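Quick note: the coordinates plus some simple rules give every number you see, no bench work behind them. Predicted model, so just to flag it, every value in this text is computed and none were measured. In this analysis, Cβ positions are derived from the backbone assuming ideal geometry, glycine residues included, and neighbour counts consider all displayed protein chains.
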Amino acid sequence: MNEYNKNDIKHILDRYYEGKSSAADDAILRSYFAEDEVDEEFADDKLFFEALADTNDLIEVPSGLEQRLSDAVDSWNDSENRIADSRRRFRLVKFIPTFGIAASIAILFAIGSFVINNNGQNREPADTFTDPMEAYAETQRVLALFAGTMEKGNEGLEIANQGREKALAMAMEQLNKI
């Protein structure tokens, strides 16, 4: 019988199954389970170690396996990097139509303001209206014009958002196929 008692074997087995055993611990377990008589509590462990002992002689590692595994891991890493790069580019691309529409609205608003203020003439700007009712009416007119322009801009943004959502759905569908 081996010089190790039941508690020693339990502790070594715990370390073995946790992956924390040393080479010396593994040798102790192999020699313990190689014996004919093992404590009944360790019957399943004995079967496990006997199976391991039988397969150690049968397993032959193919030559070049390490290199093939390394190449496979590298290719997986490269494909993940390509996917991450395409996602970054896609995030930037999806905002381009929105920025273009916003810039167009800003330009139209500036041109409209210039035309309204000048009425095609180069006049000197007046300080204020002399009649408060006239100033109030003009303010309402300008605000109504501004509100109409903003409404047209919002309609354009809605159309652009619908187009962006369709493009996003198509792109995601293509990415899912990959």
Handout entry: Set of lysines with alpha-carbon distance to Lys177 below 25 Å, sequence-local pairs under 8 removed
Key = Lys94, Lys166
Problem - 3J(HN,Hα) from dihedral phi, region 160-167, Karplus parametrisation 6.51/-1.76/1.60, rounded to Hz, x for glycine, proline - result: 5, 5, 5, x, 5, 5, 5, 5
Problem - Charged-residue dipole, Cβ positions (Lys, Arg, Asp, Glu), region 6-58 about Cα centre, Debye nearest 20 - result: 300 debye
Fill in the blank from the handout: Cross-link reach from Lys20 to lysines, straight Cα distance under 30 Å and at least 8 residues apart if same chain, gives Lys6, Lys10, Lys46
